[in-house]
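Read-outs throughout are calculated quantities, based only on the coordinates presented, and are distinct from any laboratory measurement. Fair warning: this is a prediction, and the values are worked out from it, not measured in the lab. Every residue, glycine as well, gets a Cβ built from its backbone with ideal geometry; the counts of neighbours run over all protein chains shown.
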Amino acid sequence: MPLNFVGTPSSIKKNNPGAVPGIGVGSFFTDLKLNYPNQSLNYSSTIHLTAPTGDTKKGFSTGHATWNFANHFDHAFGDFSPFLDVGVGNTVMDTRFFHRPFITFGYDAQFEGGLEYDPGKFSYSASAYDVAPWGNQTVISRVFRCGSSAQCSAGGPTKNRNSFTTASVSSGAADLVRDNGFNAGIDFKPLSYCDVEFDFSRSVPLQLNSYSFGIGVDLSWLVRRHVH
């Protein structure tokens, strides 16, 4: 159950003074995961399902149930681990590197390949990604929100990939959400149950840079600590 805090840039708010607040509960989701570790090739698979519980006027939901089927492959050569991610779904999923300023509804395939270097407490990763959609696509902006009393719907079809900065909802053909770029990340593990991560992503078609910071805590250590 995600809780979202989304701000609107002042340059966009000038054209959307009646925007509703960007705070609220997003779409409920669940993940079904399969892990298959192997000396020759590690494989993991995830089915990600969401319910349309978020407010579409705030950009928290597409208004539809969505699904994604993602597959991860990697193999370690000492401290180096090349990896490949392949997925398909009816929405473009955010990644740990890139939380897009919009959400989409429409069929697409997603690919990412790269290399991770893990010598110890610090690990480093670099990769390239590609999003290959097909069919009709709808984009719901997270930064240009629909007014509380307005009817939120797409205008005429558009090919403008930056339409999320000028419209709450836009629709078009596959080129509307086609994307590619590269990612880089640094992960620091100060404790066995804690991760601190810094990430960067660059979308080439959108000319958009994304920076992110995260802290992860493995709460299972609390259970193990008190089990005798």
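With the highest mean first, a sort of the peptides 78-89, 46-57 on other beta-carbon atoms found within 10 angstrom per residue produces 46-57, 78-89. Projecting the Cα positions of Ser141, His48, Asn38 onto the charge dipole of segment 23-162 (unit charges on Cβ atoms of Lys, Arg, Asp and Glu, taken about the Cα centre) puts Ser141 furthest along the positive direction.
Remark: segment 200-211, residue by residue, has Karplus-estimated 3J(HN,Hα) of 9, 9, 10, 8, 5, x, 7, 6, 10, 9, 10, 10 Hz, where x stands for each Gly or Pro and the curve is 6.51 cos²θ - 1.76 cosθ + 1.60 at θ = phi - 60°.
Under 16 Å from a label point set 7 Å out along the Cα-to-Cβ vector of Leu219, the amide N atoms of segment 167-196 belong to 193-195.
Take every Cα pair under 8 Å in the chain that's 6+ residues apart, average their separations, divide by the length, and report that relative contact order as a whole percent. Working shown, then result.
Values: 577 pairs, mean separation 34.1, N = 228.
Once normalised by length, the contact order is 15 percent.
The HN-Hα couplings worked out from phi for segment 42-52 by the Karplus form 6.51 cos²θ - 1.76 cosθ + 1.60 (θ = phi - 60°) are 7, 9, 9, 9, 9, 9, 9, 10, 10, 9, x Hz, whole numbers, x standing for Gly and Pro.
Quote the FRET efficiency, to the nearest 0.05, computed for Ile47 versus Leu191 with a Förster distance R0 of 30 Å and r equal to the Cβ-Cβ distance. List each step's numbers first, then the result.
On the way: r = 31 Å, r/R0 = 1.04.
E(calc), rounded to 0.05, equals 0.45.
The structure shown yields Cα extents along the principal axes in Å, and of the options [x] 48, 42, 42; [y] 57, 39, 30; [z] 64, 43, 30 that calculated value carries the label [y].
This ranking places Thr158, Thr30 by how few other beta-carbon atoms lie within 10 Å of each, fewest first, which gives Thr30, Thr158. On the beta carbon distance between Phe77 and Asp175, with R0 = 25 Å, the FRET formula returns roughly 0.05. Working from label points 7 Å from Cα in the Cα-to-Cβ sense, the Leu115 to Val25 distance is 4.6 nm. By the Cβ distance rule of under 4.7 Å, the chain has these cysteines without a partner: Cys194.
Taking 0.36 nm per residue of separation and subtracting the Cα-Cα distance, full extension of the segment from Val88 to Thr166 would add 25.3 nm.
May I ask you to order 168-174, 204-210, 182-188 by the average number of other C-beta atoms within 10 Å around their residues, highest value first?
168-174, 182-188, 204-210
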